[in-house]
Each structure stands twice: as C-alpha cells, then as structure tokens.
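Colleague: Pasting in a structure now, in structure tokens, and then I'll have a few things to ask.
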Protein chains: 2
Amino acid sequence: MEVVARSHQDAIICSSPSAVLLLTGYWPVIGASVVVFTADGEVHVVLPEDEVDLAGRTSGASLIPYQPSTLVALTSPIEALANPLRLLLAKLGLGKAAIGIEVDEGMQPFSYASCVHFRSSLADLLQQLAPEAHYESCDAALEQMEARKTAKELESIRRASDIAAAGFEHAAETIQVGRREAEVAAAVQAAFQASTKAQGVERSYGFFFCMSGPNTATASAAYARTRQRQIEAGDLVMIHANTCADGYWTDITRTYVAGVAPSDRQAAMRSAIFEARKAALEAIGAGVPACDVDRAARDVMRAHSFGEAFKHSTGHGVGFAAANANALPRIHPHSPDVLEGGMTFNVEPAAYFDGYGGMRHCDVVTVTSEGATVFTDF
Amino acid sequence: MEVVARSHQDAIICSSPSAVLLLTGYWPVIGASVVVFTADGEVHVVLPEDEVDLAGRTSGASLIPYQPSTLVALTSPIEALANPLRLLLAKLGLGKAAIGIEVDEGMQPFSYASCVHFRSSLADLLQQLAPEAHYESCDAALEQMEARKTAKELESIRRASDIAAAGFEHAAETIQVGRREAEVAAAVQAAFQASTKAQGVERSYGFFFCMSGPNTATASAAYARTRQRQIEAGDLVMIHANTCADGYWTDITRTYVAGVAPSDRQAAMRSAIFEARKAALEAIGAGVPACDVDRAARDVMRAHSFGEAFKHSTGHGVGFAAANANALPRIHPHSPDVLEGGMTFNVEPAAYFDGYGGMRHCDVVTVTSEGATVFTDF
C-alpha cells in the first residue's frame, strides 16, 4: 500500500517481474503476469496458469489464471490476458481511476531463458479497456520502494549470498595455471548450482564469470565476460557472480592471483582496495549521504595513487536487479541519495589498468541501526 | 533493407537485443543499444562505449558510442544516448520520416544477467527528438525477417547446437539414481560451459534444466525448472536446454530412464514419440502448411493413444528467442503459416501424465530444398 500512497494513485498496474515480486512476493517466470495493486490494499495477479502453483507458494495475492496459448487457438499473452484483465478492472471499479503504470526504462534481471516484454502493448490494452482512467508513471514510487528492503527481502538477499558462497568456496582451488577461463567459470558455477544450500528455494539461479590477466582490466565495463583464455602464473583472476534466490539478487566479485604469491604491484592494489572497503563500510549508516560513502573509498584509492584506476562508482542498489548502476542508493560522487535502514547495495572498490589487469572486491551490504552488515563475508 | 521494404518505412529504429542482432550482426549485452536502419541501407548503432569492441568484431554497422554512466554525472542510458541519437536523426534527415519502431509485446532471450528495457521511454524520446516524424509498428516486418534465416544465421544456430551437444553427451552418464536434479543439471551445464567447442564464439551461454519422475509431467509448461528432488530407479529424467552462440539460440530436450531398462509404458511413449518425430520431419518442406506438420505428429500420437497427453503444439520458430511459442513458423493445429526455405523451428513431440511423468524429444530443424535438416542429431 505504501507504493500506492507514495504515488498518490488509486491503483498500480505492473508487469515487470521485479515489480510483481516487490508488490506480491511472487516472482514471475516468463514475464507475462500483470499485477493490479489498489489503494484499498487489494492485490490481484493475472498470470499464466502454469505459474499458479509457484505463485501460491510465495504470495497471498488473489491469483487469476489465464492460458497464454492453447491447442484450440493461437494467441499471444497480451491477447489471452485481455479478458481476465477487463473483468478485473470492472470488478475493482477502476474505470475512471488514476492508475500508475511502468513507463520509464528499467533494468530487468534474468527470470527465465526467455522473457515476455509487453513494451507499449500493456499500456495500449489498458487504454482500450479503461479509456476514461488516467495513466501516469509509477516508476519513481517503485524505485523508492525497491530501495529500502523489508526484513523478508533482506532474508532472501542473505539467502542468495549464502548460496553464492557455495561457488566462491571452490574458486581458489579451481583457479590453476593452464586452465581456461571457461573451465574455471564452469566449475565454480557447477559448485554453486549443485549446492544443497539452495534447499527450499523455488528458483536458484546464478551467473559466474571468470576473467584472467589483461581481460580483468575490461571488468570495469557494465558487464563481465568469460573467454577461452588460458590462465598464466601471476595473472590476476577475477570471479564475478550475480546469484539469486527466488528473485532477490546479489552482485559479488573476488580477485585471486594464479599460481604464485602476489607481486608487489598486486599486493599494493589489494591493500588499497581493502583499506577503501573498510573506509566505505565505516562510513555507512542511516542518514549518511551516499556520496560520502563513495568519497570515503575514493579518498583511500587516491591516497594510494589508484584514483584514476578506480573507474566506476563505489556501488549501487542491489536486490531486485542483478546489476543496475541506477538502482537506489547510488554510491556515486554526485549522488543525491541519503542512506536509510534496510537500503542494500554493493561496495566495490577496484583498480583497472588497460593491458595489465584489474582487481575488484565487491560485497553486498545493508544499512542497519549500527552501521553496515555485510552479507558476503566470505 | 528487406525489413524496411517490407514495412514501407523510411527507417527502422529498434533496441531489443534480438532485433539489433537481426539488423546488424551485433548482439547487445546490456540492451542499451539503439539501431537506426534506413531504407537507403545505412546502418548506425548508438551503443555503450564498452560494447564497441564486441560490436566491431561482428558487425559492419557504423558505431556511435556513448557512456551510459560516468563519474562526472549520474545519468541513465536513455538520458545519455539522447544527444548522439538526436545528432544521428538530424544527419540522416529523418525529421519528417515514416519510422518503424517496436511496439508490440515480444519475447526477449537472456543477453546478460540484467538487461535494460526502454519500455515506452525510447518511443517518448523519439517523439521529442523528431516530433514531425510518423511512427508506427515494425514488429510484423521484424517477425517475418526473423523467421527465414540467412546462411550466416543458420551457421550460428548450427554452432549453438554443436556446443549444446557438449552438455548432452554427458547427460546419460550423469543421471544416476540418488543424485539430485540440481546436481545433474550442474554437471551437464558445466560440461557445456567448459567445452572447447565454444572457441571463437564471443558469448556462449546455456541453460540446462533437469526434471525427474513426476516433475517431468510439469515440463509441458512454458518453462522448465530444476529442483532438489533425488532421482529414483525407473524415473523418467528430462534434460532441457536453451543454448546460444552470440545471440542465436537452440531449444533442445532429451528424456532418459534412470538406472533400469525402460518399462513397457516408457517404451510405448518412446516409440510413439520417435514415430511422431519421423512423421513430422518427413512432412517438412518448402511450401508445406505448418499445420500439416503438426497434424503429422499429432496423428501418430493419437494412434498410440497419446493424443490427450501431447499437450502442446509440435513446434515454433527458434533462433532469435530461446523459447517463444509465437515465433514463426508456428507448428500448431491452427497455424496459418507456410514453411519456406531457411525457416528454423523445433520439433518436440511429447507425452505428459500428471503424477507419473513426461517424455519429450525436442530437436532444432531447418527447412531446405530437400525437406528438413536436423541440427541436433545427437
């Protein structure tokens, strides 16, 4: 109800899987589910019939199944859900309501190998079903609500972090001179995926990437990429992962040195990064401007002459999107965000040198009354 | 240019990764790339700076980099690309053009752990940058163009199928009584991911799922799901995979019996499914109505008393989306589609019994002048 109150609307109608998860506790699989959330606190989801069982186990919302496709007729999801949605809008008396919908760009994490996106078609359908209703963006309200995690959401992110550890625990032994990045990523991912730590999680997914040597320098990009490169002695080797438990995501990176003891340069990078991490963690607290946390880390990196090499912000909101630099709070030099209890983000001090390599240590942390709790303390 | 000719528009402006791939050969990673494709045959892509190297290796399009976020300012992709896109539209003289954009719902496969979706924001930006242009949907033209694969696209789908074999080759030995579905999926996925068959592919991804016993009955759903269930002797065990090589996807399923020889019931299911597969493959050819291929398979299943158990259509287009029941050609009882050379789809005869289990054999095939070529002949 908070989201509706924030947006000053009579109802919110959303379809992106992370928004449906936020509003209902149910994480859609193929993205063809539509939630209608009213200011009275009614929550209804029009969803594919084959997701009803999953939804019922995680959500108390009223579930209205439809069949996206049948052998009797060729339909697309939007065609198939039009009638149940029409009946629902009528039942809820939303014909002339102020309705919040998703309009702005968003970052959507993986929910299945292939996922429905309604683009403009859901807004067009609503316009057609309830032409006298008034539609406006609810994106800002959703963004705010996503930023401050509830106790249940924090528990799920902690769970996703714990399962991720099952992969990272195998990283050091798996990284061996002569192995290809693809082999290392496969082994770490398999350790994660086979783990019994995922017991009780309906859907546990993770993406583990391995980058080595000069390839680690490219890890400053908005994405990671595993290649077929063979690891050499003395290489920096980075394992980056985004893992999730039932829709709640982590963002974790660890960096290793292959085969030999770290060189002086690598040791200097490591000590700067860990000092920056410590400074950032100590700066975190409710009421603290997010830019101060960035500054705490960045000042340390600069003092160690790694200012230029620390190419990105210190962090960004984590939980609903695997990796989204614009998720609140943005731990960025120019961030206007102020930390609040329950806000959850990554802290990722790093140094990258083109042609040589990069090192990053990325943790998931949450703001508590005492300061910061690290979920990825492994 | 075919797509522009088909749509009778002066230009097409798209951002979904599969459309950018179709039009340029470059498969965007985080989904924040916009292609402008003109009727004169000019192809320009406004793309994140950190994807320029990747794009340059696979596409001859003119590349216009932008920085989605920097340390100097907090911006979102749509804000950051507005100016380069404005300059490009002016340079191309598209101020009053008829421009095709993506409007309808679509099925977007995984391109990264988290992916930008512009929703209505790209259309809104275009409206603002070129208010006198005329915008209409180019979805149908793209859908048609995606359906008939070029020689290069077919080669990529064959490549993705070959890499998938690296996983399936390990399936039979990996499926053992007492193992959990999650362990089996992890092992098969790791074999795929570590394979040297992916040499030369920039981005090779795959999702392998394992379902066993009664869980295989739920595989008739629009999605697969691996659980923690322990495999028992005599269980049907299904391995389902969607794999991709640089944006070109496969859709493959194999079913095994755990630990013992197939029961009479399982043997009957298997022989019906393979007879249906053979009938479907024999029916395939250029000029053949897609519904005839469905009927060929369905008649066999009915003759074996598995008509009711064959709950879904015989197939659907494959290549640009991992799994999209609405991709052309739809091998469905009511499909209006007619097969053409280069059309590529799955053939997936199956039988599902609630509480007992299901069996499916899903191949990727393409239409040739001689009939059908199976890419997944393993």
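Colleague: Between A:P329, A:P333, which is under 17 Å from A:E146 (Cα atoms), modelled with pLDDT of 95 or more and outside any helix (DSSP H, G or I)?
Modeller: One residue alone meets the criteria, A:P329.
Colleague: Then there's this: Restricting to the stretch A:110-128, name every residue that is among the polar types (S, T, N, Q) and buried (at least 24 other Cβ atoms within 10 Å of the Cβ).
Modeller: Step one: of the stretch A:110-128, the residues among the polar types (S, T, N, Q) are A:111, A:114, A:120-121, A:127-128.
Within the stretch A:110-128, A:S111, A:S114 meet the criteria.
Colleague: A further question follows. Can B:V45 be described as β-branched (V, I, T) and within 14 Å of chain A (Cβ to nearest Cβ)? Don't jump to the end; show me each part of the working.
Modeller: Details: β-branched (V, I, T): yes; within 14 Å of chain A (Cβ to nearest Cβ): no.
Answer is no for this residue.
Colleague: Within the bounds of the stretch A:30-50, is there any residue that is assigned to a helix (DSSP H, G or I), farther than 25 Å from B:E308 by Cα and not assigned by TED's automatic domain parsing to the domain that holds A:A327? Break it down stepwise before answering.
Modeller: Let us first name the residues in the stretch A:30-50 that are assigned to a helix (DSSP H, G or I), namely A:49-50.
After this cut, where a residue has to be farther than 25 Å from B:E308 by Cα as well, the list is none.
No, that holds for no residue.
Colleague: Kindly provide the set of residues from the stretch B:110-136 that are within 7 Å of another protein chain (Cβ to nearest Cβ), outside any helix (DSSP H, G or I) and either in contact (Cβ under 8 Å) with a residue 40 or more places away in the chain or farther than 30 Å from A:H316 by Cα (or both), ordered by number.
Modeller: If the condition is that a residue be within 7 Å of another protein chain (Cβ to nearest Cβ), outside any helix (DSSP H, G or I) and either in contact (Cβ under 8 Å) with a residue 40 or more places away in the chain or farther than 30 Å from A:H316 by Cα (or both), then B:F110, B:Y112, B:S114, B:C115, B:V116, B:H117, B:F118 are the ones that fit.
Colleague: Looking at B:A268 and the list (1) among the hydrophobic types (A, V, I, L, M, F, W, C); (2) in contact (Cβ under 8 Å) with a residue 40 or more places away in the chain; (3) surrounded by fewer than 19 Cβ atoms within 10 Å (Cβ to Cβ), which single condition is not satisfied?
Modeller: The single condition B:A268 does not satisfy is (2).
Colleague: Also: Of all residues being within 14 Å of chain A (Cβ to nearest Cβ) and among the β-branched types (V, I, T) in the stretch B:240-270, which is nearest to B:T344 (Cα to Cα)? Just the residue, please.
Modeller: Residues of the stretch B:240-270 within 14 Å of chain A (Cβ to nearest Cβ): B:240-253.
If we keep only those that are among the β-branched types (V, I, T) as well, we get B:243, B:250, B:252-253.
On the way: B:T243: 15, B:T250: 10, B:I252: 13, B:T253: 16 Å.
Taking the candidates together, the pick is B:T250.
Colleague: State all residues of the stretch B:97-109 that are surrounded by fewer than 22 Cβ atoms within 10 Å (Cβ to Cβ) and part of a loop (DSSP other than H, G, I, E, B); if no residue qualifies, say none.
Modeller: Hits for the stretch B:97-109 are B:A97, B:V103, B:D104.
One line per residue, one yes/no per condition, for (1) farther than 30 Å from A:I78 by Cα; (2) over 18 Å from the mean Cα position of the chain (by Cα); (3) buried (at least 20 other Cβ atoms within 10 Å of the Cβ); (4) of a type in the set (S, T, Y):
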site: A:A130; (1), (2), (3), (4): no, yes, yes, no
site: A:A141; (1), (2), (3), (4): no, no, no, no
site: A:Q144; (1), (2), (3), (4): no, no, no, no
site: A:K152; (1), (2), (3), (4): yes, no, no, no
site: A:A166; (1), (2), (3), (4): yes, yes, yes, no
site: A:V177; (1), (2), (3), (4): yes, yes, no, no
site: A:K197; (1), (2), (3), (4): yes, yes, no, no
site: A:A221; (1), (2), (3), (4): yes, no, no, no
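Colleague: Next question, about the same structure. Taking the residues in the stretch A:171-202 that are touching a helix residue (DSSP H, G or I) at 6+ places or on another chain (Cβ under 8 Å) and among the basic types (K, R) as candidates, determine which candidate is nearest to the other protein chains (Cβ to nearest Cβ).
Modeller: The residue in question is A:R180.
Residues are listed down the side, and each one gets a yes or a no for (1) out of contact with any Asp or Glu (no Cβ under 8 Å at 6 or more places or on another chain); (2) β-branched (V, I, T); (3) buried (at least 21 other Cβ atoms within 10 Å of the Cβ):
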residue	(1), (2), (3)
B:S16	no, no, yes
B:D53	yes, no, no
B:I64	yes, yes, no
B:Q67	no, no, no
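Colleague: Provide a single number: the residues in the stretch B:220-231 that are under 23 Å from A:D246 (Cβ atoms), more than 7 Å from chain A (Cβ to nearest Cβ) and in contact (Cβ under 8 Å) with a residue 40 or more places away in the chain. Please lay out each step first, then the result.
Modeller: So in the stretch B:220-231, the residues under 23 Å from A:D246 (Cβ atoms) come out as B:220-230.
With more than 7 Å from chain A (Cβ to nearest Cβ) added as a condition, the list becomes B:220, B:224, B:226-227, B:229-230.
Keeping just the survivors that are in contact (Cβ under 8 Å) with a residue 40 or more places away in the chain gives B:220, B:226-227, B:229-230.
The qualifying residues number 5.
Colleague: Further, regarding this structure: Just one of B:L88, B:L74, B:L94 is crowded, with 18+ Cβ neighbours inside 10 Å, away from chain A (no Cβ under 14 Å), in a loop (DSSP other than H, G, I, E, B) and not β-branched (V, I, T); which is it?
Modeller: Values: B:L88 fails: in a loop (DSSP other than H, G, I, E, B); B:L74 fails: away from chain A (no Cβ under 14 Å).
From the options B:L88, B:L74, B:L94, the qualifying one is B:L94.
A quick yes/no check of all residues on (1) in contact (Cβ under 8 Å) with a residue 40 or more places away in the chain; (2) in a loop (DSSP other than H, G, I, E, B); (3) in contact with a helix residue (DSSP H, G or I) (Cβ under 8 Å, 6 or more places away or on another chain):
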| site | (1), (2), (3) |
| --- | --- |
| B:G287 | yes, yes, no |
| B:V293 | yes, no, yes |
| B:S305 | no, yes, no |
| B:A309 | yes, yes, yes |
| B:H312 | yes, yes, yes |
| B:F320 | yes, yes, yes |
| B:G341 | yes, yes, no |
| B:G355 | yes, yes, yes |
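Colleague: Now for a separate question. Can you work out which of the residues in the stretch A:18-51 that are of a type in the set (D, E, K, R) and within 20 Å of B:A222 (Cβ to Cβ) is surrounded by the fewest Cβ atoms within 10 Å (Cβ to Cβ)? Before the answer, list the steps.
Modeller: Here is the first cut: in the stretch A:18-51, the residues of a type in the set (D, E, K, R) are A:40, A:42, A:49-51.
Of the ones still in play, those that are also within 20 Å of B:A222 (Cβ to Cβ) are A:49-51.
On the way: A:E49: 15, A:D50: 17, A:E51: 23.
The selected residue is A:E49.
Colleague: Right, something else. Name the single residue that is farthest from the other protein chains (Cβ to nearest Cβ) among those in the stretch A:283-334 being in contact with an Asp or Glu (Cβ under 7 Å, 6 or more places away or on another chain) and farther than 28 Å from A:A164 by Cα.
Modeller: Residue satisfying both the conditions and the ranking: A:V300.
Colleague: Quick check on my filter: what residues within the stretch A:203-219 are more than 21 Å from A:Y352 (Cα to Cα) and either touching a Gly at 6+ places or on another chain (Cβ under 8 Å) or more than 9 Å from chain B (Cβ to nearest Cβ) (or both)?
Modeller: Of the residues in the stretch A:203-219, the ones more than 21 Å from A:Y352 (Cα to Cα) are A:203-207.
Scanning the stretch A:203-219 gives A:R203, A:G206.
The values are calculated or read from the model by the stated rules, or taken from the named source; none is laboratory data. As the structure is a prediction and not an experimental result, all values here were calculated from the model. Cβ atoms come from the backbone with ideal geometry, glycine included; neighbour counts cover every protein chain shown.
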